[in-house]
Amino acid sequence: MTSAAEPLEVDTDVLVIGGGPAATWAALTARSEGARVTLVDKGMCGSSGVAPAATVGHWWVEPAKREQAIIERDEVGGNLSERSWMLALLEETWRRWPELGLTHGYPAGGIFRRMASPGARYCQGPIYLREMRRRVSHSGVRILDHSPALELLLDADGAVAGAAGVQRQKGRPWRIRAGAVVLATGGCAWKSGSLGSNVNTGDGYLMAAEVGVSLSGMEFSNYYGIVPKGSSMDKNGFNMVSTFYDADGNIVQSGWSGAAGASGPGGGLPGTGPAPSISGARAGTGQKAALIRAHLQGPVFQRLDLAPPQAREGMRAQMPNFFVSLDRLGIDPFLDRYEIDFVNEGTVRGTGGARVVDDTCWTGVPGLWVAGDTASREAIVGGASGAGAPNAAWTISSGTWSGRAAAAHALGRGARPAAELSGAGHAGLRPAGTPLPRGSWRQLTVAIQDEINPPAKNGLRSGAKLDASLRELDLVWDTIRDGLAGPDGSSGEATVREQVWARETAAMAASARWAYLSALARTESRAMHVREDFPSTDPGQRHRVVISGVDAPQVTLEEIQDPVISAFDFADEAAA
Ligand SMILES: Cc1cc2nc3c(=O)[nH]c(=O)nc-3n(C[C@H](O)[C@H](O)[C@H](O)COP(=O)(O)OP(=O)(O)OC[C@H]3O[C@@H](n4cnc5c(N)ncnc54)[C@H](O)[C@@H]3O)c2cc1C
């Protein structure tokens, strides 16, 4: 990777890659441990990624209610969760979330009271992330906006010792030498248009895999959000008060028991009492599959007609942006039926990601930690979506743990000699053969999306469909590996943008192959992973599907050591 502009060179203790909630919690924590911290974001930290556009609910559960919350979540996720991880997350979130001035469900003071619109009962994503940016910046963390990372840097011992990327607006490369790195680049939604997710192209997965990190749960990468047709508004908390109709007005489905956002603290409708329980939400997976099936037969329409009239005003305050898009289309969602579509939210509302090897979110590679959607969330939510509360709580807890451990690692190493570092990136960066013409990434991106985004292929899976898609994706991968690269060159901004797009395309191709190879290995239906050729859940497959390698990925199955949570005897534990 070369460019005419002089590279920006930085030396830091902890480098945090990403600028969403996971990255900002990691950066704040590492800084509070005394480390010098640099944060690089592909967009602008505080407004980039899913959370400022979409996130509202956090899994913030008081101690007395945790047992029930854990049992319910485990059931929804197909019994793949691990109790110790869930307890640790709930405790860490309980401790840290109030630092921002938000208490259970309602703003009780601090920023949210001052800034949230009257009547709002949630944390509003834009307010939250703006405040996180302010805190990170005031703590002394150096923030580089519009500075995507392209690859990790390794020292002579194979430890991760920094990263390299580009500054898009300045048209120049950057190279940061660091004692430890936290990858928090979010998940992968394959540029499907899901709200705020187009920066989530799986870059962190590819960077991690290139230095030897395995991924886990990538079969749970096919969560489909529901949008008013033609929009990207996939906020789905109000599905629970919706009726879905076919073109003739026949009811396809009434209500929803597994909607993302329909559960957890603050998940209820304003003015209607507490949030509904999520027990029975296992049915939600079946409901989504049934809706996708109906959608493949013809248009499906939605109306929020089950919302009690007294709740409607509060619903507008709760998720204003959901209503803005409908208002613009001239639709009153309480009275009018509007056509819906499905958008692939990939691992953003799915759960797959980098496999962690200990409770600090270490990847097993010296110097490298992961946080947020870059890490697998199977131990928390199994194969069900973590959106709607657990994912946001995970960004706080995994950000805290990884930031603390990365700081300790970096500070423990002391002064580092200015040794030579080597770039670990390959596909999309350093082609094995003759470089393709400029702009080739566009066609390749469409080819990847054609296999991974259609609900007919990825929402309702089968061995035959997965095999056929993998054949196409393997061809795309070979083309990328052999020829795709951003141009070397002199043209500054245009050049570095092209480099980012090429690398994003490589990451999306790699993520799609990991997703489908993992899906092939799970020969059953469980949670969001629906196989038409294996419609039942097989109790013998309560394991993790772990995938390693970039060019020729290999799948292994890993036993889950924890017993099934519903079988756990909490009373015995309390008595012990
Ligand atoms: C519609 C919708 C609604 C949701 N609502 C909820 C909810 O209410 N509750 C809940 O728990 N979860 C919710 N989720 C999920 C939640 O938003 C995510 O789990 C959460 O945002 C993950 O945070 P993160 O920091 O890991 O990633 P993100 O928020 O996606 O942030 C990733 C950051 O990394 C940056 N980045 C990407 N690539 C690079 C690179 N190469 N170099 C540098 N920076 C990079 C991006 O610019 C971005 O700043 C929702 C998701 C969707 C799609």
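Annotations for the structure displayed:
- Looking across the stretch 19-56, the residues that are open to solvent by 20 Å² or more (accessible area, probe 1.4 Å), small (Gly, Ala, Ser) and more than 8 Å from the ligand (Cβ to nearest atom) come down to 32, 34, 47.
- Considered as a group, the residues in the stretch 174-195 that are open to solvent by 30 Å² or more (accessible area, probe 1.4 Å) and under 23 Å from residue 455 (Cβ atoms) include one that is nearest to the ligand (Cβ to nearest atom), and that residue is 192.
- Residue list for the stretch 167-181, filter: of a type in the set (Gly, Ala, Ser) and at pLDDT 95 or above: 178, 179, 180
- Here residue 35 passes the criteria (1) modelled with pLDDT of 95 or more; (2) part of a helix (DSSP H, G or I) except the one numbered (2).
Here is a yes/no grid of residues against (1) open to solvent by 10 Å² or more (accessible area, probe 1.4 Å); (2) closer than 30 Å to residue 150 by Cα; (3) not in a strand (DSSP E or B):
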| position | (1), (2), (3) |
| --- | --- |
| 509 | no, yes, yes |
| 513 | yes, yes, yes |
| 516 | no, yes, yes |
| 537 | yes, no, yes |
| 540 | yes, no, yes |
| 547 | no, yes, no |
| 551 | yes, yes, yes |
| 555 | yes, yes, no |
| 558 | yes, no, no |
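- Qualifying residue in the stretch 182-205 (condition: closer than 30 Å to residue 9 by Cβ, among the aromatic types (Phe, Trp, Tyr) and modelled with pLDDT of 95 or more): yes
- Subset of the stretch 60-104 (residues that are out of contact with any Leu (no Cβ under 7 Å at 6 or more places or on another chain), within 16 Å of the ligand (Cβ to nearest atom) and not in a helix (DSSP H, G or I)): 60, 77, 81, 102, 104
- Taking the criterion of being open to solvent by 10 Å² or more (accessible area, probe 1.4 Å) and within 9 Å of the ligand (Cβ to nearest atom), the only residue of the stretch 201-213 that qualifies is 203.
- So residue 164, is it surrounded by fewer than 24 Cβ atoms within 10 Å (Cβ to Cβ) and at pLDDT 95 or above: yes
- The one condition from (1) in contact with a Gly (Cβ under 6 Å, 6 or more places away or on another chain); (2) outside any helix (DSSP H, G or I); (3) not hydroxyl-bearing (Ser, Thr, Tyr) that residue 438 does not meet is (1).
- Here residue 370 meets each of (1) at pLDDT below 95; (2) open to solvent by less than 50 Å² (accessible area, probe 1.4 Å) with one exception, condition (1).
- The stretch 483-517, residues that are of a type in the set (S, T, N, Q) and within 16 Å of the ligand (Cβ to nearest atom): 499, 505, 511
- Of the candidates 384, 354, 389, 393, the single residue that is within 14 Å of the ligand (Cβ to nearest atom), assigned by TED's automatic domain parsing to the domain that holds residue 58, farther than 27 Å from residue 127 by Cβ and at pLDDT below 95 is 384.
- Residue check for residue 199: closer than 29 Å to residue 57 by Cα, in contact with a Gly (Cβ under 8 Å, 6 or more places away or on another chain) and not assigned by TED's automatic domain parsing to the domain that holds residue 503: yes
- Of the numbered criteria (1) within 19 Å of residue 51 (Cα to Cα); (2) open to solvent by 20 Å² or more (accessible area, probe 1.4 Å); (3) of a type outside the set (Phe, Trp, Tyr); (4) in a loop (DSSP other than H, G, I, E, B), the one residue 364 fails is (1).
- Within the stretch 374-417, the set of residues being touching a residue at least 24 places away in the same chain (Cβ under 8 Å), open to solvent by 30 Å² or more (accessible area, probe 1.4 Å) and in a loop (DSSP other than H, G, I, E, B) comprises just one member, 416.
- Being outside the structural domain of residue 165 (by TED's automatic domain parsing) and open to solvent by 60 Å² or more (accessible area, probe 1.4 Å) holds for only one residue in 451, 472, and it is 472.
The values are calculated or read from the model by the stated rules, or taken from the named source; none is laboratory data. Here the structure is a predicted model, which is why all the values come from computation and not from measurement. With ideal geometry, Cβ positions are generated from the backbone for all residues, glycine too; neighbour counts draw on all protein chains shown. Calculation scope for accessible area: heavy atoms of the full protein, side chains included, ligands and nucleic acids excluded. Shrake-Rupley method; radii C 1.70, N 1.55, O 1.52, S 1.80 Å.
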